[in-house]
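One structure is given here, and the rest of the page talks about it.
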Amino acid sequence: MGAIIPETSSGRAWKTGYEYTESFVFVTYPNTYYDKHDEHTIRRGRFPTMDQRNKGRLAVERIGFRYPGGQTVFQDFSFHAEPGEFVALLGPSGCGKSTLLNLLAGFHAPMRGAVRLDGAPVTPEMPQLGYVFQSPHLFPWLTALENVRFGLRMANHAGLDAQRARAQRYLDLVGMGAAGGKLPHELSGGMQQRVAIARALAMEPGLLLMDEPFSALDAITRASLNEELLRIWSTSGQTIVFITHDIDEAVFLADRVIVLGTAPRGIQAELKIDLPRPRTFHAARKLPRFGEYAAALMDHVAGAMEAA
């Protein structure tokens, strides 16, 4: 992945640091000046070559973090995600879930401790990192295929034909293979989010960070995309850290659910989810253990809120 760049009214984007705000629209590489009216990158930095990094090991080591002039969000906080593991982060509003994801991506730096991916301190430009936002943040003037290809293009990965072939492959993987020539406004919200997932996967990261990517969708579309995500994950094999407010979503998706307490309490509870895979939402919800896990998580979340 790389730094996030904002779109300006002129259609140009420039990134000079690694701060994160919701107004930023795309993940790309630093030292890059992009002009939508030009079709070419005007300035490029030096980028690592791409190779397959399917499963990353994430280690958060006794970090501390607080916003300037604000309260402490994390204090001596640790957790890990094993290679290929699907970890869901669950908790009430104000527990620091999105802040934690920004720390994992390197958009924020901990005041103490370290966040490491495969033993190296995380930085936003690491190609091993992928990030899927709450909103798709697609470039409106690029087709679905070109949105997926954009990160490869910024990374100078192979040639044009190879970039388009990989972008098409990941569009196919998310069920959007026939929509490569469509612009974002021609796609539904769920279709746009599929393209955003393909864009992140096309960089073949070892760790995929997902910040409530389906929260704005209706319940039927959300359940469908949850199943699609598990199908894609079973194929691509990335380690995933997934933020959600939805207990059923956490139980259905994850190998392990971490419940965060209100800041700066840290981890309220951890629960290993032992449900058979592959999973379908309809079948999984009928399993007695599904209800038991959901009830246990509800108790932990209620406990976190009572302790606030």
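The values are calculated or read from the model by the stated rules, or taken from the named source; none is laboratory data. None of these values were measured; they are calculated from a predicted model. When we count neighbours, we look across all protein chains shown, and the Cβ atoms used for this are built from the backbone with ideal geometry, even at glycine.
Assorted remarks:
- Among the candidates Gly64, Gly70, the residue that is farther than 22 Å from Arg256 by Cβ, in contact with a Phe, Trp or Tyr (Cβ under 7 Å, 6 or more places away or on another chain) and either at pLDDT below 90 or not charged (D, E, K, R) (or both) is uniquely Gly64.
- Condition met for Pro136 (part of a loop (DSSP other than H, G, I, E, B), out of contact with any strand residue (DSSP E or B) (no Cβ under 8 Å at 6 or more places or on another chain) and crowded, with 21+ Cβ neighbours inside 10 Å): yes
- Comparison of Ala162, Ala200 shows that the only residue that is farther than 28 Å from His80 by Cα and outside the structural domain of Leu104 (by TED's automatic domain parsing) is Ala162.
- Selection within the stretch 89-104: residues that are modelled with pLDDT of 90 or more and in contact with a Ser or Thr (Cβ under 9 Å, 6 or more places away or on another chain). The member of this set that is farthest from Ala59 (Cα to Cα) is Leu90.
- Of the residues making up the stretch 167-213, those that are of a type in the set (D, E, K, R), over 16 Å from Gly130 (Cα atoms) and assigned to a helix (DSSP H, G or I) number 3.
- Filtered residues of the stretch 204-228 (kept if at pLDDT below 90 and buried (at least 24 other Cβ atoms within 10 Å of the Cβ)): none
- When each of Phe290, Phe242, Phe281 is tested for being surrounded by 15 or more Cβ atoms within 10 Å (Cβ to Cβ), at pLDDT 95 or above and more than 21 Å from Gly96 (Cα to Cα), the lone residue that passes is Phe290.
- Counted residues, the stretch 214-229 - those being more than 27 Å from Gly106 (Cβ to Cβ) and either in contact (Cβ under 8 Å) with a residue 60 or more places away in the chain or part of a loop (DSSP other than H, G, I, E, B) (or both): 2
- Once the stretch 228-266 is narrowed to residues that are farther than 19 Å from Gly206 by Cβ and basic (Lys, Arg), the residue that is nearest to the chain's Cα centre (by Cα) is Arg231.
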